[in-house]
Each structure stands twice: as structure tokens, then as C-alpha cells.
Amino acid sequence: MPLFFGAAFLLWYGFRAFKSACKPGILTTSSDATRSLRNVVLTTLAVTFLNPHTYLDTVVLMGSLGGQFIGDGRIYFWIGGVCASVIWFGALAFGGQALAPLFRKPSSWRILDGTVCAIMWLIAAGLINQGIALL
């Protein structure tokens with residue numbers, strides 16, 4: 001039964017992406033917005049430490065995976081996790097900055113939202129097939 005709830009959520013999420021693809025927006029940025037260092041640091045800390053995924057991902061997920069290693073394996077796992085995190089979030093920051101001009105065009109949003117819709121619906125179809133096979 002949980003498979004069907006997951007599929008329903010993905011179908012709904014895909015439908016929202018479909019609606020967005022039909023009426024795409026544009027990315028508007030302002031380069032003249034200035035913020036104080038204090039404001040930026042407080043916002044960053046709030047987004048980091050008030051986000052429940054911070055704890056779910058680092059403590060629950062990474063902790064349970066890293067706890068399976070013995071001795072130096074835990075240190076290597078931790079180093080790998082830190083390196084992967086730095087690379088991932090660095091790529092997001094620089095990639096977002098590099099792609100900002102592209103996403104000022106509605107056609108780019110249409111393609112992105114259409115792709116998200118297709119992926120969500122494909123995963124939902126797989127969950128439905130899996131759920132039917134289990135019945």
C-alpha cells in the first residue's frame with residue numbers, strides 16, 4: 001500500500017511540474033541587492049540548522065551507514081562524505097550562477113519542468129507496476 005501512496009505523490013508532483021511547464025516563468029535576479037555580512041551569515045546558519053534534512057541526512061542516514069565500518073574505515077567514510085558534500089554544494093553554487101542566464105528564458109523552464117514531470121511519472125509508473133505485482 002505505501003507504494004501506491006508514493007506513486008500518488010509522484011503523480012501529483014509531476015502534474016504540478018506539468019502545469020509549470022505549460023506556464024513557465026523566468027528567473028529574475030538583482031545584482032544591486034546588498035546585504036550585510038551579518039545578514040548573510042545568519043541566513044546561512046538558519047537554512048543549515050533549522051532544516052530537518054540536515055539532521056536526517058547527517059545523523060540518521062550517514063550515521064547508520066558510517067557505523068557499519070570498522071576502525072579506519074569510519075574515518076575514510078567521513079572524509080569521503082565531507083569531500084562529496086563540498087563538491088556537491090560547490091557545484092550547485094557555481095552551476096547555479098553559470099546557468100542563471102539560461103534560466104532567464106521561459107523555454108529553459110519549460111524543458112526543465114517537462115523533464116521533471118516525465119521523470120516523476122516514470123517513477124510513479126514503476127511504483128504502480130511494483131505494487132500491482134505484490135498484490
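The values are calculated or read from the model by the stated rules, or taken from the named source; none is laboratory data. The shown structure was predicted, so the numbers you read here are calculated from the model rather than taken from an experiment. Note that each Cβ is placed from the backbone with ideal geometry, even for glycine, and that neighbours are counted across all protein chains shown. In case anyone asks, the SASA skips ligands and DNA or RNA and just uses the protein heavy atoms, side chains included. Shrake-Rupley method; radii C 1.70, N 1.55, O 1.52, S 1.80 Å.
Any idea which of I70, I87 is among the aliphatic types (A, V, I, L, M), within 30 Å of A118 (Cα to Cα) and open to solvent by 60 Å² or more (accessible area, probe 1.4 Å)?
Working: I70 fails: within 30 Å of A118 (Cα to Cα).
Just a single option satisfies the conditions, and that option is I87.
Of all residues in region 42-66, those satisfying the criterion of being at pLDDT 90 or above and loosely packed, with under 11 Cβ neighbours inside 10 Å are L45, A46, L50.
Within region 72-83, residues that are over 10 Å from M62 (Cβ atoms) and among the charged types (D, E, K, R) reach partners that are open to solvent by less than 70 Å² (accessible area, probe 1.4 Å) and part of a helix (DSSP H, G or I) with beta carbons closer than 7 Å, at six or more positions or on different chains, in the pairs R74/G66.
Kindly state which helices (runs of 4 or more DSSP H) lie completely within region 50-104 and contain at least 2 residues that are among the hydrophobic types (A, V, I, L, M, F, W, C) and closer than 29 Å to G25 by Cβ. Can you show your working first?
Working: elements: 52-55, 63-66, 72-99.
By residue number, 72-99.
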